[in-house]
Structure formats: C-alpha cells, structure tokens
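Here the structure is laid out as structure tokens; the discussion comes afterwards.
The values are calculated or read from the model by the stated rules, or taken from the named source; none is laboratory data. Bear in mind the structure is a predicted one, so any value in this text is a computation, not a measurement. Glycine also receives a Cβ, built like all others from the backbone with ideal geometry; neighbour counts cover every protein chain displayed.
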Amino acid sequence: MNSKYLALLLVCSLLLAACGSAAPQEPTPDVAAVRTSAASTVVSQFTLTAAVFTAVLPPPATNTDAPEQTATATATEPPIAQVTNAAGTPIDLCDKYSWDVATVDVNIPDNTTMTPGQEFTKTWKIKNTGSCAWGAGYKLIYSYGERMAGEAKPLTAAIAPGQEVDVSVTFIAPDLAGTYFSFWTLQNALGVNFLGNDNKALYVQIIVQ
C-alpha cells in the first residue's frame, strides 16, 4: 500500500471521529448541589407534616365547682388539769374532791323515809383535795340514778385547796313507793367533771312510803 493511500485512510478516520464527537454531552452533575437540594426538600416536607398534625391544646380548665376549703375550729372537752414537778411527772390533780365517811352526810342519812312528792334538801360535806381553788362556774351536776327533779345550789364562795365546804341539792321524792338513789358530782368552770373518792360520786338514798 502506497503512502498516499495510507494518508487518505488517516484523514477519513479523523473525520469520522470528529463527526462522532459532535453529539452534545450532558454536563457532569454537581454532587454537593444535589445533596443540598434534597435535604431542603426533606426539611420542607417534615415542616408541613408537623403543621398539619400538631395538636392545639386548650388551656387547662379551672374547676369552679370545687368547695372552698375553710378551717373550722372544733371544740373538744379539755382534759383535767394536772400539776407536774420539774421533771414533768404529774404529782397532783388541779380539780379533785374527797370526804370523810363519818361526816359526809350532813343531813338525810341513807334510807331516810320520805312521803310521795315530799321536797327535801340533801347536804354533803366535802373537801377540796386538788391543787386549784374552786370559784365561779364550779358546781354540782347530776351524774346518774333517779334525778328526783334535783337542783343543785351554787357555791357561794371560793374554796381553797385543803378547805371543806357544804354542798347541797334540793329534791322532790317520787310518787311511787320504793328505794331511790341519786348520784351527783362536781364540775369545773370548763365543764370537766372532778375525780372524787376512788372516782365515786356523792349520792342520796331515800325510801318512799
């Protein structure tokens, strides 16, 4: 093959190669730009979804029907006062009484006979064996048994610890025949009952016939 023929083939090959490369080529994508665009799209979709599904909560309800709390003082019966020593040990009762069995019945001894409906006044001699003086508000009160319309007479003076005093109750004998008892005790100004001899109350015993 001569050199002219080889030159012609070379020229043709070059022309064919030039024609094949004339087709337009797609530009190489920018990877960073693609990633940024995709991320922006995902964020936008999440934002729209949150806007659609976010619950709008109402303000907390106020219970207007709840009762108003009101502090109420409750009165309770006060305990019997005690006197204590320096160590805090009780050594004496404030309000207490006792009596001598030989002198307690000033009148109307046990089993005194009464007529139906008879009025009488029973008197006892007792002693203040507590550590507090008896004053205004101290009184005899009915405890149990047959009351017989009993009405206690008030104390007329303060009774100091260790002092004796006569206390009385006016009664009306029952209409029916029989033996009757009426028990009474002392009470202080706060409405607390005394402790008598071995926690026993004063009593009157009559026979109606």
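Working carefully through the options N193, N188, find the one that is surrounded by 13 or more Cβ atoms within 10 Å (Cβ to Cβ), modelled with pLDDT under 95 and farther than 25 Å from A102 by Cα.
Only one candidate qualifies: N188.
Which condition number does F181 fail, the rest of (1) under 18 Å from D95 (Cβ atoms); (2) of a type in the set (F, W, Y); (3) at pLDDT 95 or above being met?
(1)
Would you pick out the residues in region 80-122 that are part of a loop (DSSP other than H, G, I, E, B) and either of a type in the set (D, E, K, R) or modelled with pLDDT under 90 (or both)?
Residues satisfying the conditions are I80, A81, N85, A86, A87, G88, T89, C94, D95, D100, D110.
Applying the selection to region 171-185, what residues are buried (at least 16 other Cβ atoms within 10 Å of the Cβ), in contact with a Gly (Cβ under 7 Å, 6 or more places away or on another chain) and either small (G, A, S) or farther than 17 Å from A152 by Cβ (or both)?
Result: A173, S182.
If S168 passes every condition in (1) surrounded by 14 or more Cβ atoms within 10 Å (Cβ to Cβ); (2) of a type in the set (S, T, N, Q); (3) over 41 Å from the mean Cα position of the chain (by Cα); (4) more than 12 Å from V204 (Cα to Cα) but one, which one does it miss?
Failing condition for S168: (4).
Select from region 149-169 the residues that are within 17 Å of D95 (Cα to Cα) and part of a strand (DSSP E or B) and list them in ascending order.
Result: I159, E164, V165, D166, V167.
For region 118-135, name all the residues that are surrounded by 22 or more Cβ atoms within 10 Å (Cβ to Cβ) and either under 35 Å from the mean Cα position of the chain (by Cα) or farther than 24 Å from A173 by Cβ (or both).
N128, G130, W134
Taking the condition part of a strand (DSSP E or B) and under 44 Å from the mean Cα position of the chain (by Cα), does L186 pass?
Answer is yes for this residue.
Condition first: exposed (fewer than 13 other Cβ atoms within 10 Å of the Cβ) and touching a residue at least 40 places away in the same chain (Cβ under 8 Å). Now tell me which residues in region 136-165 satisfy that.
Of everything in region 136-165, those that are exposed (fewer than 13 other Cβ atoms within 10 Å of the Cβ) and touching a residue at least 40 places away in the same chain (Cβ under 8 Å) turn out to be A136, G137, Y144.
Pick from Y180, Y138: which is within 24 Å of I207 (Cβ to Cβ) and of a type in the set (S, T, Y)?
One residue alone meets the criteria, Y180.
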